[in-house]
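The values are calculated or read from the model by the stated rules, or taken from the named source; none is laboratory data. Not measured: the values here are computed from a predicted model. Cβ coordinates were reconstructed from backbone atoms using ideal geometry, including for glycine residues, and neighbour counts include every protein chain displayed.
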Amino acid sequence: MSSETSLTPWSPTAAGIAHDVRAGNIAITDVAEHYIKRTETLHKGLNTHLQFDGNDVRRQAKAQQARLKSESATMPLAGVPIVVKDNICVSGVRTTCASKILENYTATYDATVINRLRAAGAVFFGKANCDEFAMGSSNENSAYGPVKNPWDLARVPGGSSGGSAAAVAADLAPVALGSDTGGSIRQPAAFCGIVGLKTTYGRVSRYGLVAFGSSLDQIGPMTRTVEDSALVFDVLAGFDPHDSTSLANGAAESSKLIAKMQSGKPDLKGMRVGIAKEFFEEGLDASTAKVVEAAIDEIKKLGASIKTVSLPHIKYSVATYYILATAEASANLARFDGIRYGYRAKDKSLSLKDLYRTTRAEGFGREVKQRIMLGTFALSSGYYDAYYAKANRARAMIAEDYRKAFSEVDLLVSPTAPTSAFKIGEKSNDPLAMYLSDICTIPVNLAGIPAISIPCGFDGAGLPVGLQLMAPLMGEEKLLTGAYAYEHATQWHRQRHPKIG
Amino acid sequence: MKIDRALVTRVAELANLKLTDGELTHYEAQMAKILGYVEQLSGLEDKLGKDWRSDTAGSSTPERPDNVQPSMAVDAVMAQAPASSGSVFQVPRIIE
């Protein structure tokens, strides 16, 4: 049972809220009012939200409160506020993917994750800003302005789930949903000092997630604590007949394992932890490296055995990703043509072909167009074999590197990102520099394995640093229990920026 | 790999993007830089064996029983249309 059970103006957790609500200590409507007031006060200054309607929240809270008497046992997230990244469909709510091309699109159905969370008692607190179509590592690619990092308003929160990360870091909600294609949950979690989980590919349904890279995308929780991550993961995970890539055996019960650990002093005795030397080579900021090395020492103190391993093909990850993800994106974004929904170019004299081409040129932002171009090139006749087919083979070799490593260790650790949060505008003109900020997270998506970012300290500038733990396919339970033991011993998650009210 | 204006123009056409001259210049430079980085893949020693294929390496496509399932409500879909007439999306004339 979480120790943070009272609704104070800071740091209440999803577990704490659900516990208090189900025990009758606090009404869902009161929880909602607290977070409505906080969101209305802070969201504009941070630009975390693209949609927020306090009255809709109140209506939801009332409906969940009415269910509580008879259905409490099936509501593990009773009353928990959850902000939803704006590339996830919520029926009746504007879903823009932070793009002009969907500026007026209202989702006509709920994503599977939304149905599951609602059934579990959650209250949705608006739609979070993000990089356009989840393409970016800083939330500077939104058509609706950048998000600011609550730790330093002149810095990026990371991306593409920047609004989600900033909202949780600023306590606008204890939970946010993000999506992760190349690191878009984990990297902003690291930059904002919170927990971000990317699950095994196929474990959480993608039905209702606007697709970017279909073989890479996963929805996941962004939370203040590992316990909350496990709680939300258990609700999200499981087979969905609407998603043909959904795993048949994906259901989870990780929060039971965490609960068992809470009665004693959790440790990592018997855990074999690997450090892939390739993650600690050039490009890693010295101050970040120092914090991560101290975190690894702490893992050793908790009883884990540490072993150096090699992932020899990891160095090809970013190149591989920017062929495969962009190729998939070029196909997925072909549907946005101004015909059935979304923005349509205004010139009535355009031919059909020019209507498509003008709508897309006007509706998509610069980074999205760049990635569509890259992907189209990689799939085009004459280039397909040298680029797309080659990258697919590189991907298989990267996945094999992880399989071999996990035959020797239980978990792998690395920094989540090579630096802490950079300044807004610092990398936005250099696409390669921006892409390389995902160097630690991308290989995980290529291999389909689960990974989590947890806070592990602060660098020389006082900015949060994230530690990434990786596990084999379906290894979330090992991941979460390992993360929980570290979190319990170090308590980094309790640190808050003093400026957040 | 030489990225030139002709290639970028062709790619933009395939991608259904009407780009200005300024944009074509911008994307030519950016694509050259990114694809220059991606060139490292040509040096990758392939360890998969010549029989490996990406379309047969993974799991097979799952199937479901061929039963009728509900579709989206037509009104909700048509409400999103930029131009429509009843249950039909309106587009510029295709055949003159």
remark   = Checked A:Ser437, A:Ser453, A:Ser420 against criteria (at negative phi, at pLDDT below 95 and not β-branched (Val, Ile, Thr)); the one match is A:Ser437
request  = Select from the stretch A:48-87 the residues that are in contact with a Lys or Arg (Cβ under 8 Å, 6 or more places away or on another chain), under 23 Å from A:Asp234 (Cα atoms) and of a type in the set (A, V, I, L, M) and write down the one among them that is surrounded by the fewest Cβ atoms within 10 Å (Cβ to Cβ).
outcome  = A:Leu68
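Rundown of residues vs (1) buried (at least 24 other Cβ atoms within 10 Å of the Cβ); (2) among the β-branched types (Val, Ile, Thr); (3) under 14 Å from A:Val465 (Cα atoms), yes/no style:
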residue: A:Gly162; (1), (2), (3): yes, no, no
residue: A:Ala166; (1), (2), (3): yes, no, no
residue: A:Ala173; (1), (2), (3): yes, no, no
residue: A:Ser179; (1), (2), (3): yes, no, no
residue: A:Ala190; (1), (2), (3): yes, no, yes
residue: A:Ile194; (1), (2), (3): yes, yes, yes
residue: A:Leu197; (1), (2), (3): yes, no, no
remark   = Taking the stretch B:38-57 and keeping only residues that are acidic (Asp, Glu) and not in a helix (DSSP H, G or I), one is left with B:Glu45, B:Asp46, B:Asp51
request  = With the condition kept exactly as written, say whether any residue in the stretch B:30-37 is assigned to a helix (DSSP H, G or I), more than 30 Å from A:Tyr343 (Cβ to Cβ) and at the interface with chain A (Cβ under 8 Å from one of its Cβ atoms).
outcome  = yes
message = Six or more apart or on different chains, Cβ atoms under 8 Å: show the pairs whose first residue is in the stretch A:367-384 and facing another protein chain (nearest Cβ under 9 Å) and whose second is among the polar types (S, T, N, Q) and buried (at least 24 other Cβ atoms within 10 Å of the Cβ).
response = A:Ile372/A:Thr326; A:Leu374/A:Thr326; A:Gly375/A:Thr326; A:Ala378/A:Thr326
ask   = Taking the stretch A:80-112, which residues are farther than 22 Å from A:Ala165 by Cβ, in contact with a strand residue (DSSP E or B) (Cβ under 9 Å, 6 or more places away or on another chain) and not charged (D, E, K, R)?
value = A:Ser91, A:Gly92, A:Asn104, A:Tyr105, A:Thr106, A:Ala107, A:Thr112
Among the residues listed as A:Val273, A:Val292, the single one being of a type in the set (Val, Ile, Thr), in contact with a Pro (Cβ under 6 Å, 6 or more places away or on another chain) and either at pLDDT 95 or above or in a strand (DSSP E or B) (or both) = A:Val292
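Conditions tested, residue by residue: (1) more than 22 Å from the chain's Cα centre (by Cα); (2) among the polar types (S, T, N, Q); (3) buried (at least 16 other Cβ atoms within 10 Å of the Cβ).
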site	(1), (2), (3)
A:Val273	yes, no, yes
A:Asp285	yes, no, yes
A:Asp297	yes, no, no
A:Ala304	yes, no, yes
A:Thr308	yes, yes, no
inquiry  = Is it the case, given these coordinates, that A:Ala405 is surrounded by 21 or more Cβ atoms within 10 Å (Cβ to Cβ), of a type in the set (Gly, Ala, Ser) and on the phi < 0 side of the Ramachandran plot?
reply    = no
ask   = Among the listed residues B:Gln80, B:Gln69, which satisfies the condition of being in a loop (DSSP other than H, G, I, E, B), facing chain A (nearest Cβ under 10 Å) and under 27 Å from the mean Cα position of the chain (by Cα)?
value = B:Gln80
ask   = Of the residues that make up the stretch A:416-434, is at least one within 14 Å of chain B (Cβ to nearest Cβ), in contact (Cβ under 8 Å) with a residue 12 or more places away in the chain and part of a loop (DSSP other than H, G, I, E, B)?
value = yes
request  = May I ask you to list the residues in the stretch A:449-472 that are over 21 Å from A:Asp152 (Cα atoms) and surrounded by fewer than 20 Cβ atoms within 10 Å (Cβ to Cβ)?
outcome  = none
key: Members of the stretch A:336-358 found to be in a helix (DSSP H, G or I) and either more than 9 Å from every other protein chain (Cβ to nearest Cβ) or within 17 Å of A:Thr376 (Cα to Cα) (or both), listed by number   = A:Tyr356, A:Arg357
task = Looking at (1) part of a loop (DSSP other than H, G, I, E, B); (2) over 30 Å from A:Val93 (Cα atoms), find the lone condition where B:Arg10 falls short.
result = (1)
message = Being charged (D, E, K, R), more than 7 Å from every other protein chain (Cβ to nearest Cβ) and exposed (fewer than 14 other Cβ atoms within 10 Å of the Cβ) is true for just one of B:Asp4, B:Asp46. Which residue is that?
response = B:Asp4
In the stretch A:362-387, the residues that are among the hydroxyl-bearing types (Ser, Thr, Tyr) and surrounded by fewer than 21 Cβ atoms within 10 Å (Cβ to Cβ) = A:Ser380, A:Ser381, A:Tyr383, A:Tyr384
task = Return a yes/no flag: does the stretch A:327-335 have any residue that is facing chain B (nearest Cβ under 7 Å) and within 14 Å of B:Asn16 (Cα to Cα).
result = yes
request  = Determine, yes or no, whether A:Asp228 is over 21 Å from A:Pro472 (Cα atoms) and of a type in the set (Asp, Glu).
outcome  = yes
query = surrounded by 13 or more Cβ atoms within 10 Å (Cβ to Cβ), more than 8 Å from chain A (Cβ to nearest Cβ), in contact (Cβ under 8 Å) with a residue 12 or more places away in the chain and out of contact with any strand residue (DSSP E or B) (no Cβ under 6 Å at 6 or more places or on another chain) - does that describe any residue in the stretch B:14-24?
reply = yes
request  = Answer yes if at least one residue in the stretch A:114-124 is among the β-branched types (Val, Ile, Thr), at pLDDT 95 or above and surrounded by fewer than 20 Cβ atoms within 10 Å (Cβ to Cβ), and no otherwise.
outcome  = no
task = Within the stretch A:75-110, work out how many residues are outside any loop (DSSP other than H, G, I, E, B) and within 21 Å of the chain's Cα centre (by Cα).
result = 7
request  = Could you list all residues from the stretch A:416-435 that are farther than 30 Å from B:Gly58 by Cβ, crowded, with 19+ Cβ neighbours inside 10 Å, in contact with a strand residue (DSSP E or B) (Cβ under 8 Å, 6 or more places away or on another chain) and of a type outside the set (Phe, Trp, Tyr)?
outcome  = A:Ser420, A:Ala421, A:Ile424
